[in-house]
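The values are calculated or read from the model by the stated rules, or taken from the named source; none is laboratory data. Keep in mind it's a predicted model, so treat the numbers as computed, not measured. Cβ placement follows ideal geometry from the backbone for every residue including glycine, while neighbour counts extend to all protein chains displayed. Surface areas here come from the heavy atoms of the whole protein model, side chains and all, with no ligands, DNA or RNA. Shrake-Rupley method; radii C 1.70, N 1.55, O 1.52, S 1.80 Å.
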Amino acid sequence: MTDKTHIERLFREHYRQLHRLARMLLHDDDLALDIVHDVFASLLSGGKDATVTVGFLLNAVINRCLNHIRDTSVSQRLASQYYMDIEEYETEDWPDEETIKEIYLIIQSELTPRCRRAMELRFVEGLKFYQVAEAMGISEVAVYGHVRRAIETIRKKLNENGKL
């Protein structure tokens with residue numbers, strides 16, 4: 001049986017390493033702290049019958065991180081990864097007709113065929129990201145990447161032309 005002093009010693013000796021691992025997997029410092037604390041809290045309250053090793057702790061933190069990632073929806077993960085804030089887009093001023101025409105020309109002339117197709121399926125045909133992925137035969141992550149690159153290109157060109 002694992003005793004409290006053994007777990008406390010492991011906490012003091014390996015907390016930083018475990019926190020760094022969780023932060024690297026999750027890209028979120030607060031969430032990483034919570035997961036490492038939860039692992040130790042469950043050890044203290046669970047009364048495991050085996051000796052807790054560093055390897056066990058590493059696996060426990062990795063598994064908790066992977067469970068969190070699995071339970072978080074794809075769109076939430078991608079939105080946080082690409083820093084997409086939906087409210088930011090909903091409150092944004094819409095461009096005038098001239099700017100819309102310029103955006104259309106940029107899409108037709110400056111984007112790669114895959115980026116152009118992703119933009120057309122998403123914004124012209126109004127498909128959801130998973131539907132665009134199915135239509136193009138690529139992953140949802142790849143669709144987000146194409147759309148993100150397209151938007152970056154459009155912004156860059158509009159900035160060069162003084163429209164943004």
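Computed extension length for E120-E134: 3.6 nm, one decimal, from 0.36 nm per residue of separation with the Cα-Cα distance subtracted. Our summary gives the stretch 1-61 a relative contact order of 50 percent, counting only alpha carbon pairs under 8 angstrom and 6 or more residues apart. Counting 0.36 nm for each residue step from N161 to Y104 and taking away their Cα separation leaves a gain of 19.1 nm.
Full extension of the chain between H6 and A142 yields a length gain of 44.4 nm, computed as 0.36 nm times the residue separation minus the alpha carbon distance. Each label was represented as a point 7 Å from its Cα along the Cα-to-Cβ direction; for R149 and F56 these points are 4.7 nm apart.
Accessible area per residue for the stretch 96-164, computed on protein heavy atoms with a 1.4 Å probe, is 63 Å². Each residue was assigned an accessible area with a 1.4 Å probe, and for R149 the value is about 100 Å².
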